[in-house]
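Right, one structure below, let's go through it.
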Amino acid sequence: PNFLILDEPTNHLDIPAREAVEDALADYEGTILVVSHDRYFLDKVVDRVIELEDRDLVSFEGNFSEFWQARYRSVPGETGRVSTRGADRKKARVERAEQRADVASLERRIEEAEEQKLELEQQIGQAFESRDNREGRRLNRQLERVRTLLKDLYEQWAVKA
């Protein structure tokens, strides 16, 4: 089979399940017809939007946000039609794959930094319980660096995810 029809595929899914669906669909080589109110999901998986307009199908190359901007920024009377080109679709898939890899890398780094943060917090507590204030202060400075790193990583993740 190389044609899928999906109706609201992300309803009632938690984030990991949703991401698994996004990844599976991004790797799918066939055609997907998807109906969804989930704009985030649509931005992640579609590379063409087809709108039914006045009993006519209008094709927009790009994700849902690009379609929305083109549709509502266009001059009245312009249809916003864009031709479909296979090379553009392949390029879009490659870019999405690279973005997913970047996001996955950021998520791994965030997870490692969160673990390091928890470990440092425990060590700080132990240092102060044993009245080793010098070690506690040293660990606290290290913890602040990890918190700064986490803040930066989360900001990068928010932009890319």
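The values are calculated or read from the model by the stated rules, or taken from the named source; none is laboratory data. Predicted model, so just to flag it, every value in this text is computed and none were measured. Cβ placement follows ideal geometry from the backbone for every residue including glycine, while neighbour counts extend to all protein chains displayed.
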- prompt: Under the condition of being more than 19 Å from A97 (Cα to Cα) and surrounded by fewer than 15 Cβ atoms within 10 Å (Cβ to Cβ), which residue from segment 18-38 is modelled with the lowest pLDDT?
  reply: H37
field: Leading residue by the ranking (surrounded by the most Cβ atoms within 10 Å (Cβ to Cβ)) among those in segment 136-161 that are closer than 23 Å to S105 by Cβ and of a type in the set (G, A, S)
entry: A161
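Every residue, every condition in (1) exposed (fewer than 11 other Cβ atoms within 10 Å of the Cβ); (2) farther than 26 Å from W157 by Cβ; (3) at pLDDT below 80; (4) not aromatic (F, W, Y), yes or no:
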| residue | (1), (2), (3), (4) |
| --- | --- |
| F67 | no, no, no, no |
| E111 | no, no, no, yes |
| Q116 | no, no, no, yes |
| R134 | yes, yes, no, yes |
query: Pairs, please: C-beta under 8 Å, at least 6 apart or cross-chain, first residue assigned to a helix (DSSP H, G or I) and in segment 40-53, second acidic (D, E) and modelled with pLDDT of 85 or more?
result: F41/E22; K44/E22; V45/E22
